[in-house]
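Colleague: Can you keep this structure in mind? I'll have questions shortly.
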Amino acid sequence: MAARPTVRRLAGRGGHLGLIGLFTVFSAFPFYWMLITTFKRTSDLLKRGNNPFVYNQPPTLENLRVLFYDTLYVQWLANTFFVGLLVVLITLVLAVPAGYALARLTGRVGEHLGIAIFLTYLVPPTLLFIPMSRLIADLGLQDSLWSLVVVYPSFTVPFCTWLLMGFFKAIPRDLEEAAMIDGYSRLGAFVKVVIPISVAGILTVIIFTLTLVMQEFVYALTFITAARHFTVSVGVPTFLVHGDVYFWGSLMAGCFIASVPIAVLYNFFVDRFIAGFTAGAIK
Amino acid sequence: MDLATQEGEFLVLLGPSGCGKTTLLRMIAGLEEPTSGTILIGGQVVNDLPPRARKIAMVFQSYALYPHMTVLKNIAFPLKAQGLRREEIPKKIEWAAALFGIGHLLGRKPRQLSGGERQRVALARAVVREPAVFLLDEPLSNLDAKLRASARDELQQFQRRIGTTTIYVTHDQIEAMGLGDRIAVMQGGRVRQLGTPVEVYAEPADTFVASFLGSPPMNIVEAPDCLVGFRPEHFLPRDAYDGGASLIALGLRVTRVEYLGADRLVYGVLEGKFQGAKVLARLPSTVTTPVQAGRRYDFAVPEKEMKFFDPGTRLRTAARSV
C-alpha cells in the first residue's frame, strides 16, 4: 500500500516531463534542422544513404559564404528591420489609442466594431495586392521600401487593435478612475497608469508586428523589383532557389539568422511580462 | 433626492445592492454624470468639474492600487499629479504613512501586501493630499471577518483624528451602525431615511428601513387598518418583564428554537389578535424562561416599542391603540 502513491507520483512526474520533452523537441527541431543544414556540404545533404540528423562529412562555412557574399542578404536584413521598425511605430501609434477607445469608451458598440475591425484582417493579401498596387503606383512608391511601410499597417493595425482591446479590457476601470480622481485627465491616466500596466500587451504587439513583417511575401514580391530593396522573405527564396535547384544550406542559414531574434524576443520577454504583472492591483 | 452632509461628518450610504448608493458616490466623485440636479462640494457647484478638480479622494472597493508602482510611488502619485513641489512630497508621504503605520512597506509593490495592508495604503493615498471630502466605496468588503472589525475601528479613529467629511458606501448594516454619525438608508435610488444610527433603528420611517436594519429584522404584522412592527428583542416572554411598562400581550405558538449562545431565536406563529402571523423573538441569555418548540407561550411587547405603518404607503404613522 505504502509504495503505491510513490509509484503514482513518479509516473505522474514522468508523464509531465515526457510531455514537456515532446513539446521541447517539437519547438526546437526546426532550429536544429536549420542549424545543422547551414553547415552541411551539399554532397552530404544529397546523398541518400546518409543519416540526415548528423554530419556525415565535415561541416563547412561555404553556405554562409554564399549567403553573405553572393547575395545581398545583409541588405535584405537591414531592409526588413527598417520596414519592421517603422511599421511597429505606425501600428503602435494607431492601435494603442484605437484599442483603448474600443475597450472603454464606446460600450457595446465598441465590441462589435472591434470584431468588424478584426474581420478586415482576414481579407488575404493575395486578394488585396491588386488594388493596393494601383494605390502604390498612384503614390509613386513602386519599387520602394516605403510602399511596404504604407501597406503593412493595413493588416497589422486591425489585428493589434483587437489584441490590445483585450489587454485594455482586462485592466480594471478602477485604476483609471483612481488616477482621474488623483489629479489626471483621462489622457493623463491613460499615459501614467494604463500604458505602464499594458507593457506586456504592447510588447506582444511589437513582436507580433515584427513577425508579420518578416514573413510577409505577397506585397513584398509584387511591389518591389530591385534586389537591393528586397526583404528577407522575398530575397532568400528568389536568389537561393534557381529553377529547381535549391541552395539548401544557404536557405537554411538565411532563415535561421532571421528567425533567431524573434525567437529570443518571444522566449525571454513575453513570459516574464505577462506573469503576474497586474497581480495585486485589486483584491 | 436631497442630501446634505455636515462639516466633518461621517455619513454612511446604506442600502441593498442595486439601490444606487455607489452610483451616487460616483456622481459625487465626478465619474458619472447626473441626468439632472446639482452637486455641491464646499458650497461650490461641481457638476461641470472633472474628478481631479473636485478636491475629493476616493477609496475604491478594490483599492485600485497602481500595480506597477511601489507603495511609496502610489502615495506620491496624487501629490505629483497636483504639481506639489518636489521637496514637500517626502514630508507628506511620511505623515500619511505614519498615520496608518505602513512606513515599513513603502518599498513594496501592491502584490506583496496583504489585504489589510493594501487597504491602509489605499487610505494613505487618499489622505495624503488632504481632500475636502473622502469617498469610501465598501472599503472593508475585501477583508476577512476578523480583520474587518479591527479595520472598522481604525477607520473611525482616523476619521475622527483628521476630521474630514466622509461619505461611506456599504450594504453592511453593522458597518453603517458602527461607523456612521448619520446613515442615509437608500432603496431604489431614493433616500428612505436620513438619521443617526439610533434614529434609523429605533424610529424607522417606513417598513423598508424597519426590515432592512436589524438582524433579525423587525417583525411586521398586519392589523385590520395598519401594519404593526416590533423588534425581535422587544418580543419576550411575559414573565421576563417586571411590571412598570405597559405591555401588549401576544400568544405565541413556538415552531422552532435556535440556541445561538448569547441569545435564543424563537420562531413562531401569533395567536389571538394577529392570528397566523409568523414572527421571530430574540431572547437574550439573561432571559432564562424555558421555551420549547410545539408549545404555546404568553409573550409580550412593551407598548412604546410598537411601530405603526400605513398599509398603502408603508410610511410610519402615529401610534395608536392595538
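The values are calculated or read from the model by the stated rules, or taken from the named source; none is laboratory data. Quantities reported herein were computed from a predicted structural model and do not represent experimental measurements. No Cβ is skipped: glycine too gets one built from the backbone with ideal geometry, and neighbour counts run over all protein chains shown. Quick note on the areas: whole protein, heavy atoms, side chains included, nothing else; ligands and nucleic acids left out. Shrake-Rupley method; radii C 1.70, N 1.55, O 1.52, S 1.80 Å.
Colleague: Specify whether the C-alpha gyration tensor of the protein assembly as shown places it in the rounded, prolate or oblate class, a ≥ b ≥ c being the square roots of the eigenvalues: rounded for a/c under 1.5, otherwise prolate if a/b is larger than b/c and oblate if not.
Modeller: prolate
Colleague: Taking θ = phi - 60°, what integer Hz values does the Karplus form 6.51 cos²θ - 1.76 cosθ + 1.60 yield along region A:128-142, in sequence order, with x for Gly and Pro?
Modeller: Working through the residues one at a time gives 7, 5, 5, x, 4, 5, 5, 4, 4, 5, 4, 7, x, 9, 4 Hz.
Colleague: Calculated from DSSP H runs of 4 or more alone, at -39500 (n - 2.57) each and per residue, what is the 222 nm mean residue ellipticity of chain B, nearest 500?
Modeller: Numbers: 8 runs with 83 residues, N = 322.
That calculation yields -7500 deg cm²/dmol at 222 nm.
Colleague: Also, quick follow-up: Full extension from B:R253 to B:S150: what is 0.36 nm times the residue separation minus their Cα-Cα distance, to one decimal in nm? Working shown, then result.
Modeller: Working: separation 103, 0.36 × 103 = 37.08 nm, distance 4.09 nm.
Result: 33.0 nm gained on full extension.
Colleague: Apply 1/(1 + (r/R0)^6) to the Cβ-Cβ distance of A:S43 and A:D244, taking R0 = 30 Å, and write down the FRET efficiency to the nearest 0.05. Before the final figure, lay out each step's value.
Modeller: Details: r = 18 Å, r/R0 = 0.60.
That gives a FRET efficiency of 0.95.
Colleague: Figure the gain on full extension for A:E111 and A:T60 (residue separation times 0.36 nm, minus the Cα-Cα span) and round it to one decimal in nm.
Modeller: Details: separation 51, 0.36 × 51 = 18.36 nm, distance 5.55 nm.
Length gained between A:E111 and A:T60: 12.8 nm.
Colleague: Putting +1 on Lys and Arg Cβ atoms and -1 on Asp and Glu Cβ atoms, find which of B:F309, B:M69, A:H112 reaches farthest to the positive end of the dipole of the protein assembly as shown.
Modeller: Of the listed residues, the answer is B:M69.
Colleague: If amide hydrogens are placed 1.01 Å from N in the peptide plane, which non-local residues have theirs closer than 5 Å to the one on B:Y168?
Modeller: Here B:L11, B:V12, B:L13, B:L136 satisfy the definition.
Colleague: Mind checking B:67-74 for the average number of partner chain beta-carbons within 10 Å of each residue's beta-carbon?
Modeller: 4
Colleague: Taking chain A as a Gaussian network, Cα atoms linked when under 10 Å apart, which of A:R13, A:R41, A:R108 shows the biggest mean-square fluctuation?
Modeller: A:R13
Colleague: Another one. Probe radius 1.4 Å, ligands and nucleic acids left out: can you give me the accessible area buried at the B-A interface, summed over both chains, in Å² to the nearest hundred?
Modeller: Numbers: alone 16210 and 16710 Å², together 30740 Å².
Adding both sides of the contact gives about 2200 Å².
Colleague: Continuing with the same structure: List the residues whose amide H sits under 5 Å from the amide H of B:A64, counting only those 5 or more places along or on another chain, with H placed 1.01 Å from N in the peptide plane.
Modeller: Those lying under 5 Å, H to H, from B:A64 are A:K283.
Colleague: Still on this structure, please answer the following. Summing -39500 (n - 2.57) over the DSSP H runs of n ≥ 4 in chain A and dividing by its residue number, what mean residue ellipticity at 222 nm do you reach, to the nearest 500 deg cm²/dmol?
Modeller: -22500 deg cm²/dmol
Colleague: Kindly state, to the nearest 0.05, the FRET efficiency for B:A240 paired with B:D181, given R0 = 45 Å and r defined as their beta-carbon distance.
Modeller: On the way: r = 34 Å, r/R0 = 0.75.
Using R0 = 45 Å, I get an efficiency of 0.85.
Colleague: Can I ask one more? Within a 10 angstrom radius of each residue's Cβ in B:125-135, how many Cβ atoms of other chains show up on average? Whole number is fine.
Modeller: Averaged over the peptide's residues, the number is 1.
Colleague: How many Å² of accessible area per residue for the protein assembly as shown, probe 1.4 Å?
Modeller: Averaged over the residues of the protein assembly as shown, the accessible area is 51 Å².
Colleague: With r as the distance between the Cβ atoms of A:V191 and A:A101 and R0 = 22 Å, compute the FRET efficiency 1/(1 + (r/R0)^6) and round to 0.05.
Modeller: Using R0 = 22 Å, I get an efficiency of 0.95.
Colleague: Along region B:178-186, what does the Karplus equation 6.51 cos²θ - 1.76 cosθ + 1.60 (θ = phi - 60°) give for ³J(HN,Hα), rounded to whole Hz, x for Gly and Pro?
Modeller: x, 9, x, 6, 9, 10, 9, 8, 10
Colleague: Can you compute the charge dipole magnitude of chain B about its Cα centre, using +1 on each Lys and Arg Cβ and -1 on each Asp and Glu Cβ, nothing else charged? Give it in debye, rounded to the nearest 20.
Modeller: 1080
Colleague: Just name one of A:G99, A:F190, A:F230: the one whose Cα is farthest towards the positive end of the charge dipole of region A:65-277 (beta-carbon charges, Lys/Arg +1, Asp/Glu -1).
Modeller: A:F190
Colleague: Using a 10 Å cut-off around each Cβ of peptide B:50-63, what is the average number of partner chain Cβ atoms that fall inside? List each step's numbers first, then the result.
Modeller: Values: counts 6, 11, 10, 1, 1, 0, 1, 3, 6, 2, 8, 3, 8, 7.
Mean shielding by partner chains, rounded to a whole number: 5.
Colleague: Just give the residues from region B:94-123 buried by at least 30 square angstrom of accessible area in the all-chains context relative to the isolated chain, probe 1.4 Å, and say none if nothing qualifies.
Modeller: Flagged in region B:94-123: B:R111, B:R118.
Colleague: For chain A, calculate the relative contact order in percent as a whole number, restricting contacts to Cα pairs under 8 Å that are 6 or more residues apart.
Modeller: On the way: 277 pairs, mean separation 78.4, N = 283.
After rounding, I find 28 percent.
Colleague: Still on this structure, I have one more. Where a ≥ b ≥ c are the square roots of the eigenvalues of the C-alpha gyration tensor, would you call chain A rounded, which needs a/c under 1.5, or, failing that, prolate if a/b is larger than b/c, or oblate?
Modeller: oblate
Colleague: By how many nm would the segment from A:T24 to A:V260 grow when fully extended, if each residue of separation counts as 0.36 nm and the alpha-carbon distance is taken off?
Modeller: Length gained, A:T24 through A:V260: 83.4 nm.
Colleague: Anyone know which of B:S215, B:S285, B:S17 comes out most mobile in the 10 Å Cα GNM of chain B?
Modeller: B:S285
Colleague: Take every Cα pair under 8 Å in chain B that's 6+ residues apart, average their separations, divide by the length, and report that relative contact order as a whole percent.
Modeller: Computed value for chain B: 18 percent relative contact order.
Colleague: Check B:M58: other-chain or 5+ apart residues with amide H under 5 Å from its amide H, H built from backbone geometry?
Modeller: B:L135
Colleague: Just to be sure I understand: with springs between alpha-carbon atoms less than 10 Å apart, which residue in B:A124, B:A53, B:A132 has the highest mean-square fluctuation in the Gaussian network model of chain B?
Modeller: Taking springs between Cα atoms under 10 Å, the residue moving most is B:A53.
Colleague: Scan region B:232-270 for chymotrypsin sites (Phe, Trp or Tyr not before Pro) in coil per DSSP, keeping those whose Cβ has at most 13 other Cβ atoms within 10 Å, and list them by number.
Modeller: Values: sites: B:F235, B:Y241, B:Y259, B:Y267; in loops: B:F235, B:Y241.
Answer in residue order: no site qualifies.
Colleague: What is the dipole size for region A:65-277, taken about its Cα centre, with +1 at each Lys and Arg Cβ and -1 at each Asp and Glu Cβ, in debye to the nearest 20?
Modeller: Its charge dipole is roughly 200 debye.
Colleague: Which residues does a label at B:Q6 reach in region B:171-198, if reach means a backbone N under 15 Å from a point 7 Å past the Cα toward the Cβ?
Modeller: B:180-184, B:194-198, by backbone N distance to the label point.
Colleague: On to the next question. For region A:230-240, just list the computed ³J(HN,Hα) in residue order, Karplus coefficients 6.51, -1.76 and 1.60, θ = phi - 60°, integers in Hz, with x standing in for Gly and Pro.
Modeller: In residue order, the calculated couplings are 5, 9, 4, 5, 9, x, 4, x, 5, 9, 10 Hz.
Colleague: Further, regarding this structure: Rounded if a/c is under 1.5, else prolate if a/b is larger than b/c, else oblate: which is region A:1-86, with a ≥ b ≥ c the root eigenvalues of its Cα gyration tensor?
Modeller: Here region A:1-86 falls in the oblate category.
Colleague: Follow-up question, since we're still on this one. Got a number for carbon plus sulfur as a percent of the protein assembly as shown's accessible area, 1.4 Å probe?
Modeller: So the carbon and sulfur contribution to the accessible surface is 61 percent.
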